[in-house]
Amino acid sequence: MLEQYLPVIFQTLIAIGFAATALGLSVLLGKKGRTGGAKDTVYECGMLPVGDGSPRFSVKFYLVAMLFVLFDIEVVFMYPWAVQFKELIAINANALWSMFGFVGILTVAYVYALRKGALSWNN
């Protein structure tokens with residue numbers, strides 16, 4: 001049984017040895033990087049970097065993004081149902097009512113988000 005794993009073990013040892021040798025040689029033979037004021041600044045296409053690197057976003061942005069993803073995923077769940085609609089109705093008419101319930105829940109969630117002001121940017 002061990003004979004079957006010998007090629008895998010040898011390949012793993014050779015890969016680890018090569019990686020260790022390459023890293024060791026780069027540390028021994030490579031140049032040390034110079035640091036300085038000009039070298040450590042951010043390069044922005046020739047423009048001087050002004051301001052903070054990561055601007056602050058409003059919580060509304062993340063809320064709208066999460067609502068978009070939520071409703072987008074719900075549409076992905078509706079697509080296979082729409083493709084198989086004729087076959088589903090032929091088997092059982094409850095498929096239409098279950099989708100009406102699903103869309104109803106989505107509508108209630110959308111109205112709730114609208115009333116809470118989740119989609120208004122003026123506030």
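Quick one: if the Förster radius is 22 Å, what FRET efficiency do Ile73 and Asn122 give, using the C-beta to C-beta distance and rounding to 0.05? Efficiency computed from Cβ-Cβ geometry: 0.20.
Applying the criteria of a DSSP loop state and at most 15 other Cβ atoms within 10 Å to the chymotrypsin sites (Phe, Trp or Tyr not before Pro) of segment 82-123 yields Trp121. Rounded to the nearest 20, the Cβ-based charge dipole of the chain about its Cα centre (Lys and Arg +1, Asp and Glu -1) stands at 500 debye. Taking a ≥ b ≥ c as the square roots of the eigenvalues of the Cα gyration tensor of segment 59-115, is the shape rounded (a/c under 1.5), prolate (a/b larger than b/c) or oblate? Oblate. 3J(HN,Hα) couplings calculated from phi for segment 93-99 with the Karplus curve 6.51 cos²θ - 1.76 cosθ + 1.60 (θ = phi - 60°) are, in sequence order, 6, 5, 4, 5, 5, 5, 5 Hz; Gly and Pro show x. For a Förster distance of 41 Å, can you work out the FRET efficiency between the beta-carbons of Asp40 and Met99, rounded to the nearest 0.05? Efficiency for this residue pair is about 0.10. Calculated mean residue ellipticity at 222 nm for the chain: -23000 deg cm²/dmol, from DSSP H runs with n ≥ 4 weighted as -39500 (n - 2.57), summed, divided by the residue count and rounded to 500. Computed 3J(HN,Hα) for segment 6-20, one whole-Hz value per residue from the Karplus formula 6.51 cos²θ - 1.76 cosθ + 1.60 where θ = phi - 60°, is 4, x, 5, 5, 5, 5, 5, 5, 5, 5, 5, x, 5, 5, 5, glycine and proline marked x.
Note on the chain: dipole from Cβ charges, positive end direction compared against Phe102, Leu114, Tyr79; the farthest Cα belongs to Leu114. Karplus-based coupling profile of segment 108-121, in residue order and whole Hz: 4, 5, 5, 5, 4, 5, 5, 5, 6, x, 5, 10, 9, 8, with θ = phi - 60° in 6.51 cos²θ - 1.76 cosθ + 1.60 and x standing for Gly or Pro.
Going by the alpha-carbon gyration tensor, a ≥ b ≥ c the square roots of its eigenvalues, is the chain rounded (a/c under 1.5) or, if a/c is not under 1.5, prolate (a/b greater than b/c) versus oblate? It is oblate, given that a/c is not under 1.5 and a/b is not larger than b/c.
Computed from the coordinates by the stated procedures, all read-outs in this text should not be read as laboratory data. The structure presented is a predicted model; accordingly, all values stated were derived computationally and were not measured. As a convention, Cβ positions derive from the backbone with ideal geometry for all residues, glycine included, and neighbour counts pool all protein chains shown.
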